[in-house]
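Structure record follows, encoded as structure tokens.
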Amino acid sequence: MRDQVLWRKIARIATLLTERLNIDAGRALDILYNSHTYELLANPESGLQLQSDEYIITDLMRELEG
């Protein structure tokens with residue numbers, strides 16, 4: 001169950017990333033999966049999974065800008 005919830009969250013974040021950067025879904029997933037934000041998201045101990053999609057995409061955008 002937890003994995004399914006995480007997968008849906010990842011899909012929503014990738015969708016937001018496609019909209020923010022005007023890129024296709026494949027590129028968005030590539031960016032997400034290769035980010036530090038994803039490492040934190042994949043680790044339940046980080047607590048990032050409990051944050052809103054908007055919070056996570058903002059964090060990811062900051063990471064990409066830096």
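A few remarks follow.
- Options (i) 12.8; (ii) 12.5; (iii) 11.8 - which one matches Kirkwood radius over Cα pairs in Å as calculated here: (iii)
- Split the accessible area of the chain by element, probe 1.4 Å, and carbon with sulfur accounts for 50%.
- Rounded to the nearest 20 debye, the dipole magnitude of the chain is 180 debye, with +1 charges on Lys and Arg beta carbons, -1 on Asp and Glu beta carbons, and the Cα centre as origin.
- Projecting label points 7 angstrom from Cα along Cα→Cβ for MET61 and ALA25 puts them 2.2 nm apart.
- Near PRO44, once Lys and Arg are set to +1 and Asp and Glu to -1 for all other residues with Cβ below 14 Å from its Cβ, the sum equals -1.
- Accessible area in square angstrom per residue, the chain, 1.4 angstrom probe: 68
The values are calculated or read from the model by the stated rules, or taken from the named source; none is laboratory data. This one's a predicted model, so the numbers in the text were calculated from it and none came from an experiment. Counting neighbours? That spans all protein chains shown, and the Cβs are built from the backbone with ideal geometry, glycine included. Protein only, heavy atoms only, side chains kept; ligands, DNA and RNA dropped before computing areas. Shrake-Rupley method; radii C 1.70, N 1.55, O 1.52, S 1.80 Å.
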